[in-house]
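Colleague: Dropping a structure here in C-alpha cells format, bear with me for questions.
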Amino acid sequence: MTGKLNDILPTPVDDATEGAILELLQRKMTGACLIAVRLLHAAERRFGPEACELIADLMAEQAQAQPRADAGEPEADLHTFCDSLERGCVGSHLWERITDEPGRIGYRFTRCMWAEAFRQRGEPELGYVLCAGDEPAVKAYNPALTFERTRTLMCG
C-alpha cells in the first residue's frame with residue numbers, strides 16, 4: 001500500500017477522479033486546521049501562554065492512554081496495527097514501507113496533508129499534536145510494541 005486511493009477502493013478510479021477526491025479531502029482538512037488555529041489564537045489572546053501549556057498537557061494525556069485489554073502476540077499485533085494505520089492514512093498521506101520484517105516495520109512518509117495545512121498557517125507546533133499521538137496509540141494497542149520516529153513532515 002502506498003497511500004493512493006486505489007489501494008482501498010473496490011473499483012479503481014482514474015487519475016482525474018482520484019485528484020478530485022483528494023482535492024476535496026485537502027479542502028476539508030485545511031478547513032479543520034484553520035478552525036484549530038483560530039481556536040488556539042483566541043485562547044492565547046484570552047488566557048495568554050497558558051493556552052499553549054494546555055495543548056502540551058493534552059499531548060501528555062495522550063501518552064497516558066490505557067492499553068487495550070485484549071492485546072495479543074506483539075508481532076501479530078504490529079502487523080494488524082500497521083495495516084489499520086495504512087488504511088486510515090490512505091488519501092491524506094503518501095508513504096513507502098521501507099522495512100517489513102516479522103517484528104519490525106518501518107515507513108518513509110513523503111506527504112501528510114495535515115502537515116501541509118498546519119505549516120501553511122504557520123502553526124506546525126499545533127499540528128504536531130496530531131503526530132504526538134502516534135506513540136501513545138501504538139503503546140495502547142499493545143504495550144509490548146515500541147515506536148521510534150526519526151523526523152516528521154510536520155516539523156520539516
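What follows draws every value from the coordinates through simple rules; no lab data is involved. This one's a predicted model, so the numbers in the text were calculated from it and none came from an experiment. Please note: Cβ atoms are built from the backbone with ideal geometry, for glycine as well, and neighbour counts cover all protein chains shown.
Colleague: Would you say Val129 is closer than 26 Å to Arg38 by Cα and β-branched (Val, Ile, Thr)?
Modeller: The answer is yes for Val129.
Colleague: Now a separate question. Being closer than 25 Å to Asp57 by Cα, without any contact (Cβ under 8 Å) to a residue 60 or more places away in the chain and among the hydroxyl-bearing types (Ser, Thr, Tyr) narrows it down to one residue among Thr99, Thr146; which is it?
Modeller: Thr146
Colleague: Here are some conditions: (1) assigned to a loop (DSSP other than H, G, I, E, B); (2) aliphatic (A, V, I, L, M); (3) surrounded by 12 or more Cβ atoms within 10 Å (Cβ to Cβ); (4) free of Cβ contacts under 8 Å to residues at least 40 places away in the same chain. Leu153 meets all but one. Which one does it not meet?
Modeller: Failing condition for Leu153: (4).
Colleague: Now for a different question. Please determine whether any residue of region 10-24 is within 16 Å of Leu130 (Cα to Cα) and in contact (Cβ under 8 Å) with a residue 60 or more places away in the chain.
Modeller: No, region 10-24 has no match at all.
Colleague: Being surrounded by fewer than 16 Cβ atoms within 10 Å (Cβ to Cβ) and not hydroxyl-bearing (Ser, Thr, Tyr) is the filter here; which residues of region 138-150 pass it?
Modeller: Selection gives Pro143, Ala144, Phe147, Glu148, Arg149.
Colleague: Still on this model: Within region 1-19, track down each residue that is more than 21 Å from Ser84 (Cα to Cα) and either exposed (fewer than 12 other Cβ atoms within 10 Å of the Cβ) or of a type in the set (Lys, Arg) (or both).
Modeller: The answer is Asp14, Asp15, Ala16.
Colleague: Could you please give the count of residues in region 108-127 that are basic (Lys, Arg), part of a strand (DSSP E or B) and buried (at least 17 other Cβ atoms within 10 Å of the Cβ)?
Modeller: The total comes to 0.
Colleague: If I filter region 74-97 down to residues being more than 21 Å from Met113 (Cβ to Cβ) and hydrophobic (A, V, I, L, M, F, W, C), which single residue comes out as surrounded by the most Cβ atoms within 10 Å (Cβ to Cβ)?
Modeller: Of everything passing the filter in region 74-97, Leu78 is surrounded by the most Cβ atoms within 10 Å (Cβ to Cβ).
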